[in-house]
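Bear in mind these aren't lab numbers, they're just calculated from the coordinates by the rules spelled out. Only a predicted model underlies this, so the values are computations on that prediction, with no experimental measurement involved.
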Amino acid sequence: MTAMRTETVVMSALLSNLPVVPVPIAGPLLRSLGLTRREAPAWVTDPATRASALDGFIEIPDEFYGEAS
C-alpha cells in the first residue's frame with residue numbers, strides 16, 4: 001500500500017469541511033490535483049494546440065474558457 005501525498009491529505013481535509021465548492025475554484029483545483037481531465041475550450045481548433053492543452057503543456061487561463069456550464 002502506498003502512502004497518500006501530503007498535499008492530497010491536506011486538500012481532502014480542507015474540501016471535506018466545505019459544503020459546496022464554487023466551480024471557478026473547484027475546476028482548477030481538481031485539474032491541478034490530477035483528479036479530472038483537462039479540457040480545451042471549443043475555440044481552440046488547431047489539433048496540435050488542442051492536444052497540447054489537453055496534455056497540460058499549454059495552460060489556458062480560466063477567463064478564456066467563458067461561462068461555466
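A few remarks follow.
- Extension gain for Ala42-Asp55 works out to 3.1 nm (0.36 nm per residue, less the C-alpha to C-alpha distance).
- Along the stretch 36-46 the Karplus relation, 6.51 cos²θ - 1.76 cosθ + 1.60 evaluated at θ = phi - 60°, assigns HN-Hα couplings of 9, 6, 6, 10, 10, x, 4, 6, 7, 9, 5 Hz to successive residues, with x for each Gly and Pro.
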